[in-house]
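These notes are about the structure you will find just below.
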Amino acid sequence: MFEGLTTAHVADACIRAGIPVRCASVTGVVPGTRLAGRVLPARHAGSVDVFLEAFEGAGPGDVLVVDNGGRTDESCVGDLVVLEAQAAGLSGIVIWGLHRDTADIRAIGLPVFSLGTIPTGPLRLDPRPKDALDSAVVGEWTVDRQDAVFADDDGALFVPLDRVSELSTLALAIKTTERRQADLIRSGTSLRSQVSFDTFLARRAEDPSLTFRNHLRTVGGAIEE
């Protein structure tokens, strides 16, 4: 359902549907990479065993979402974990932390997103939380098996699994509107003209509480959502 859409389209769809926009600023190891799938959470405590155990219960197309607390002093995923994830049928990995073995990961081809890279692996082994496979914290968000994740060059976005179809439909409508607007700009019709910006300014002068977003909804614009 993510085919042809971007995380930006889905984020705007979340706003329109009244769903919290849960984003993470992570970067693909390979530019242009995209992934989508059900969240397979794992909280890292210094050892890869938590990932191997997560793979035991993985479904086809799941995305391993690694919670390493956003640490920047160690990597927590390398080429062997990525290879194992690929062999387990996962569609990719999102890491709230760092990775290493970048060249090898690029050669493997499985989509991997992280906060960056560093040569060293973990130099510690902490007690493993009992709920290490129940959920993962990514930025300010806690995600679990009831969530789906989308990722592309803009980062990662988490949405409720049972709202994916609805959001995809909304996102496609937003994309279609935006593409039409872009084509009109290229052909000489300004965006200001398309969204009746002069009318908005006049109406706002009469009613300072009027927001541009509400105005867009009346004229069918999709710039902000």
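Tabulated data for the structure shown
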{"item": "T169 paired with T218, simple spin-label distance in nm, labels 7 Å along Cα-to-beta-carbon", "result": "2.8 nm"}
{"item": "Computed [θ] at 222 nm, deg cm²/dmol, the chain (DSSP H ≥ 4; -39,500 (n - 2.57); rounded to nearest 500)", "result": "-10500 deg cm²/dmol"}
{"item": "The chain, relative contact order in percent, only Cα pairs under 8 angstrom and at least six apart counted", "result": "27 percent"}
{"item": "Burial ordering of W141, W96, fewest other beta-carbon atoms within 10 Å first", "result": "W141, W96"}
{"item": "Label of the coordinate-derived value, Rg/Rh (Cα atoms, Kirkwood Rh), listed as (1) 1.04; (2) 1.08; (3) 1.12", "result": "(2)"}
{"item": "Taking C76, C14 and counting other C-beta atoms within 10 Å, the order from fewest to most", "result": "C14, C76"}
{"item": "Ranked D126, D49, criterion: other C-beta atoms within 10 Å, fewest first", "result": "D126, D49"}
{"item": "S196-L161 FRET efficiency (beta carbon distance; Förster radius 41 Å; 0.05 resolution)", "result": "0.60"}
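Computed from the coordinates by the stated procedures, all read-outs in this text should not be read as laboratory data. Fair warning: this is a prediction, and the values are worked out from it, not measured in the lab. For neighbour counting, all protein chains shown are included, and Cβ atoms are generated from backbone atoms with ideal geometry for every residue, glycine included.
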